[in-house]
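Below is one structure, written out as structure tokens; comments come after it.
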Amino acid sequence: MGVKVVVTLDGSELSAKILPVVARLAEASNAQIVLLTVHKPPRGITEIEEPTFVSAETSAQKVVDTLVTPPHGGRTILSREEAEEDLRAAALDDLKVASRFLEKQGIDVEREVVFSNNTAEAIVETARTKKATMIAMATHGRSGLSETIHGSVASEVLSSGTFPVLLIRPI
């Protein structure tokens, strides 16, 4: 069985700092990379009072609560499934830049979007489903009271004890 690494990205600059590290790891071990982003499940949206226009730079997470009013006017109504489909498409687009960075180096890349209210659990479950050998992620490096208040996805993934975890804390 080859090496497969689930790499978590949340759209932040910090999370992308893991990419050069996993690129070197993948080149050295001929690993396959699974780029993973986890989003909260979208709510179904029943109507829009004020139309909001989404620019091309809008991040995938903003799609959850934002809709574009059709040019003919009227109200846009999205079910939870339609909102999830739109968010998934935007999230996959967000992962394209990271995917291209790795693919240009000859690395086999897969992109995955998961919806869950528990990010750490979703990361571990995706690694299990994908038969990963490792999880890689960047961390803010919070500790003490800050970690207690804000929580730490990295700490939860580590404490699962299920997979080896490569953590980097950018300076």
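The values are calculated or read from the model by the stated rules, or taken from the named source; none is laboratory data. Keep in mind that this is a model prediction, so the values were computed, not measured. Positions of Cβ are generated from backbone atoms using ideal geometry, with glycine treated the same way; all protein chains shown enter the neighbour counts.
Miscellaneous remarks
- Out of Arg88, Arg75, sole residue that is more than 17 Å from Met134 (Cβ to Cβ), at pLDDT below 90 and assigned to a helix (DSSP H, G or I): Arg88
- Only residues that are part of a helix (DSSP H, G or I), of a type in the set (Gly, Ala, Ser), surrounded by fewer than 18 Cβ atoms within 10 Å (Cβ to Cβ) and in contact with a strand residue (DSSP E or B) (Cβ under 8 Å, 6 or more places away or on another chain) were counted in the stretch 1-32, giving 1.
- For the residues Ala91, Ala127, the requirement of being within 25 Å of Glu156 (Cα to Cα), in contact with a Phe, Trp or Tyr (Cβ under 6 Å, 6 or more places away or on another chain), among the hydrophobic types (A, V, I, L, M, F, W, C) and surrounded by 13 or more Cβ atoms within 10 Å (Cβ to Cβ) singles out Ala127.
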